[in-house]
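> My questions all concern the structure below.
The values are calculated or read from the model by the stated rules, or taken from the named source; none is laboratory data. The structure displayed is predicted, hence computed values, not measured ones. Neighbour counts are summed over all protein chains in view; Cβ atoms, including those assigned to glycine, are modelled from backbone coordinates with ideal geometry.
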């Protein structure tokens, strides 16, 4: 399907080749900023030493890591010492769940140990209890499920509201148990872009939590999809942990975990990626306007529009209604648009529509036709026009084939 | 200490500045090959997509990963499907221990489950048992110790022979128990360079293992220090797992684990880094010759010389005997030599000599003066001469101060 973008965002169209491909799958991965590639290459050349060594290539590596830690911390309103670098978001999320389980068992020691031992002998469960949502990324869902399967934790999967597409605060509260030690709800969904009420959840849980003793309830949000698109301030949200994923905001494939250090009391509010974020607002809503104008209200379903819910400004999850217009089919027929039907990591699941959309109450036939179009700071309004035209032609072509 | 190497291996000496620093800590980290930096930068520019996506930047990423997997497999005599990429050696090693424990519990299921349950009720232990050596890298030692502390495994730490510096086959055999499910012995020690008899251990254990039923004993070697220096062929060694660490052989900080796939029967023997390896032979032994010539036999102790043991050709662990010549003091006084007193990850342990050397039977006073000098393929004989002269001047200076 004539894709020839290299780099995909800057190649000019040529009259003799296929049309310029237009990348709109920024929620899957962003291209790296040329400046970032330059910095990484420079570090590989001059800062290759072991950061704990005392000679120059090691000192350079240490300095770069320290500086990066400060930058990442500032980005999410934390302090350098709050940031733990990881190999990616999966490791960061996994770290949270394992920490929570261990924290639970440690808190059972001492005064509580005897009671726990009694429960064990009586056959009653004193396992740690986790609360997640039913639209979490696999790195959260599978981690929690695996710990449940192995008997190391109990997990409650709170369903998002089919009205708002959000995890509702009261549903989280209703899921609380005496052994609840971790609540992990993503900040924004990667397919619908719906923003979850993390701050409200944290406030409600904290107010309940103070009436209990052990274990303290830890609060985590995977902010992979939110950073660089909306304001993310870990301290304002009130979370204990927040997952950061580089390749979602023009950085390399690396992760970090914000861990709210004890005794931390001075919040910071600057946003490193504020510029890109505001520019993305316009292509996102312009795309929706154009789709409505071209296809008409009857043929377009926005799968991220839920009453009362905010969504990411760059994410347009849309279905073009009609027979033979399944998402994968549309994308493979499009001449320009590079997008996906959902989270890229699940692309091997064949023709089933996204379980995320189904969980949000999107009807099966609509979800089957879903396209997740996510724009980035390299996207122009002209790109949007070309993509909408591309979709129009594709829909016509596929309908003629039916 | 006038260090000005940028890149540290190619800067010409200037009459107006400090002498050119000479890097000889290749066992800690190797610099990246310029060609590798180029390939990485190119991939960051053009292959930034999600490898499971169908558009070009994703396809490119997938192709690069597949090609790399084949190259890494060929390097250790395996097949592409035997290679699992990890964030580093620590993750690879950790993966082995967790796999072994899980494999043990799975094997207890079914026919064995009832027996296990009886044991648990009787209070007798049916925990998985691991065998490691007392000179393993921390990523093995601490992983095993942590699992023991948490009651998830029993660990036997086999001491290396103070005669040979090696883990002796019979000592491993003597440590075997009915519940032994993993033996993890490094291929070559990172401080002494002593090569362990992995092939012999595997053969002996396999011959014993066939007389037992469950669990099968898994064999692992951390080959981080061996690859690129001596021939490493996982299938010839007979291991189930073999840890590979990129930044020990001029590649980026990434790890991989060789896992001997079931039904694998066609061994492959090429060596990707053969060229570098032979060139390193000469600077290594030349360094020892020069040290002996300059300091004399009475003042030099080679801490990796054990009768009957082979060592890595690039590693010279040496103590200059005399008061005030502690390793850290010598290194901080040297004007050219960049090396370490042991594994870089332990550099924060203050003035204690290496526990690895003490475990190998090196006397405390000798171990206190130890320098781990490890040469690489960028090291010239001229570099060796300059470093030996540097050490001679440093020793004189420090002795005058005493």
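> Anything in the range A:24-57 that is part of a helix (DSSP H, G or I) and under 21 Å from residue B:254 (Cβ atoms)? List them, or say none. Walk me through how you get there before you give the answer.
So in the range A:24-57, the residues part of a helix (DSSP H, G or I) come out as A:34-46, A:56-57.
Passing the criteria: A:36, A:37, A:38, A:39, A:40, A:41, A:42, A:43, A:44, A:45, A:46, A:57.
> Can you confirm whether the range B:58-74 contains a residue that is part of a loop (DSSP other than H, G, I, E, B) and facing another protein chain (nearest Cβ under 10 Å)? Walk me through how you get there before you give the answer.
Kept after step one, since they are part of a loop (DSSP other than H, G, I, E, B), are these residues of the range B:58-74: none.
The answer is no; no qualifying residue exists.
> On to the next question. So which of B:238, B:246 ends up being surrounded by fewer than 24 Cβ atoms within 10 Å (Cβ to Cβ), over 20 Å from residue B:198 (Cα atoms) and either within 14 Å of chain A (Cβ to nearest Cβ) or out of contact with any strand residue (DSSP E or B) (no Cβ under 6 Å at 6 or more places or on another chain) (or both)? Don't jump to the end; show me each part of the working.
Numbers: B:238 fails: over 20 Å from residue B:198 (Cα atoms).
Answer to the selection: B:246.
> Which numbered condition in (1) within 14 Å of another protein chain (Cβ to nearest Cβ); (2) touching a helix residue (DSSP H, G or I) at 6+ places or on another chain (Cβ under 8 Å) is the only one that residue A:93 fails?
(1)
> Hand me the list of helices (runs of 4 or more DSSP H) wholly inside the range B:82-172 holding 1 or more residues that are at pLDDT 85 or above and under 17 Å from the mean Cα position of the chain (by Cα).
On the way: elements: B:89-108, B:113-122, B:138-149.
Here the list reads B:89-108, B:138-149.
> Sticking with this structure for a sec: Looking only at the range A:31-57, how many residues end up being over 29 Å from the mean Cα position of the chain (by Cα) and more than 7 Å from every other protein chain (Cβ to nearest Cβ)?
Residues of the range A:31-57 that are over 29 Å from the mean Cα position of the chain (by Cα), as a first pass: A:42, A:45-57.
Those still in the list that are more than 7 Å from every other protein chain (Cβ to nearest Cβ) too: A:42, A:47, A:51, A:54.
Summing the residues that are over 29 Å from the mean Cα position of the chain (by Cα) and more than 7 Å from every other protein chain (Cβ to nearest Cβ) in the range A:31-57 gives 4.
> Among strands (runs of 3 or more DSSP E) lying entirely in the range A:255-341, which contain 2 or more residues that are modelled with pLDDT of 90 or more and closer than 25 Å to residue A:20 by Cα? Even if it seems obvious, please write down each step before you answer.
Numbers: elements: A:255-259, A:300-302, A:315-320.
Passing ranges, in order: A:315-320.
> Cβ-Cβ under 6 Å, sequence separation 6+ or interchain: first residue in the range A:37-63 and surrounded by fewer than 18 Cβ atoms within 10 Å (Cβ to Cβ), partner outside any helix (DSSP H, G or I). Which pairs?
A:52/B:347; A:62/A:51
> Does residue A:396 satisfy the condition of being in a helix (DSSP H, G or I), over 27 Å from residue A:31 (Cα atoms) and out of contact with any strand residue (DSSP E or B) (no Cβ under 6 Å at 6 or more places or on another chain)? Before the answer, list the steps.
Details: in a helix (DSSP H, G or I): yes; over 27 Å from residue A:31 (Cα atoms): yes; out of contact with any strand residue (DSSP E or B) (no Cβ under 6 Å at 6 or more places or on another chain): yes.
The answer is yes for residue A:396.
For every residue, the table says whether it meets (1) free of Cβ contacts under 8 Å to residues at least 12 places away in the same chain; (2) more than 14 Å from chain A (Cβ to nearest Cβ); (3) crowded, with 21+ Cβ neighbours inside 10 Å.
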site	(1), (2), (3)
B:299	no, yes, no
B:318	no, yes, yes
B:351	no, yes, no
B:376	no, no, yes
